[in-house]
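> Sharing a structure with you now.
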Amino acid sequence: MIKNLIAVLLVVMVSACTTLQQGLKNYVKQPEVSYKSISIGKVSMSAIELNPTFNIANNNNFSLPIDAVTYDLSFNNKKMLAGETESIGTLPANDAKDVTLSLDLTDETLTSLQQLLFKDKKLDYVVKGAVKTMGLTIPFEKSATLYVPDVSIKDVKIVNGSFSQLDILLSVDLDNPNDFTLPLGMLNYTVSSNGKTLFKGDLENNKIGSGQNNIQLPLTIKPGDLFGSAFSLMSNPKLPLHFEISSPMFKKSHDQSVDLSSFF
């Protein structure tokens, strides 16, 4: 008898919930979710943060609580991340709100993505998921491509030269084909000659806007570390240099010989 009563109560409760959900769907206008933009947040050799932004429009005359946002992120048709946010606030009546997700690529995921970036110079990605509010689930999806900037050495200029020290300015052109600013994170650069490292440097928190950009990398080398005397340098003033530039998103190398005869 008790088992039958419990079964009846469960049926009534499920039926009531279904009726309530259906009533909500009939009463509540479904919010509209549209993709707005994507940006890259923090960048380092150990992590890259992607920030896709979606706009949620509430066409009702009352506010709606946004219970959660589920999401997954795929690169080149391979799912890399999936998760769900906590409650992210209330959507005002007859208003819209931007919701930005913070998707962190780390560890093995980042390593595999960097290999693809260095090889193919681009990544096709898909961000999709759903917004949950008052029993409603509104899906969203956006497909696009992330491009690696094209890097070229514009100029190698000696700004000061002597046997004891050469001050060099390395001018680097970067073409960012993405429609958003691209942070470079830690930019490392080195110069070597005949396999011997002459200088190591880095720049932090660099950003390049969409389109053409230029950065100047200062470096200092000491010819005396390669030549035993000023006489040996004067007898063979051609100095072969090898430049290496690296960031979490790209690598670039460049070879160039500089003639030091005019400085001695």
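> Report the residues of the range 50-65 in range of a label on A82: point 7 Å along Cα→C-beta, backbone N strictly under 19 Å from it.
The answer is none, because no backbone nitrogen lies closer than 19 Å to the label point.
> Taking the solvent-accessible surface of protein heavy atoms with a 1.4 Å probe, what is the per residue accessible area of the range 23-135 in Å²?
On the way: 5960 Å² over 113 residues.
With the other protein chains kept in place, the range 23-135 gives 53 Å² per residue.
> Which order do peptides 182-194, 137-149 fall in by mean Cβ count within 10 Å, highest first? Before the final figure, lay out each step's value.
Details: 182-194: 18.5, 137-149: 15.3.
Ranking, from highest mean packing down: 182-194, 137-149.
> Mind checking the full-extension length gain between K122 and S143? Use 0.36 nm per residue of separation minus the Cα-Cα distance, one decimal, nm.
Values: separation 21, 0.36 × 21 = 7.56 nm, distance 1.34 nm.
Contour length minus Cα-Cα distance gives 6.2 nm.
> Order these peptides, 61-70, 196-205, by their mean beta-carbon neighbour count within 10 angstrom, highest first.
Working: 61-70: 15.8, 196-205: 13.5.
Taking the mean over residues of other Cβ atoms within 10 Å, the ranking is 61-70, 196-205.
> Could I ask something else about it? Restricting things to Cα coordinates, could you compute the convex hull volume per residue of the range 31-137 in Å³?
Details: hull volume 10.6 nm³, N = 107.
Expressed per residue, the convex hull around the Cα atoms of the range 31-137 is 99 Å³.
> Turning to a different aspect of this structure: Could you tell me how many cubic angstrom of Cα convex hull volume the range 126-168 has per residue?
Working: hull volume 6.1 nm³, N = 43.
Expressed per residue, the convex hull around the Cα atoms of the range 126-168 is 141 Å³.
The values are calculated or read from the model by the stated rules, or taken from the named source; none is laboratory data. Remember, it's a predicted structure, so these values are computed and weren't measured experimentally. All Cβ positions, glycine included, derive from the backbone under ideal geometry; neighbour counts span all protein chains shown. Remember, those area values only see protein heavy atoms, side chains included, never the ligands or the DNA or RNA. Shrake-Rupley method; radii C 1.70, N 1.55, O 1.52, S 1.80 Å.
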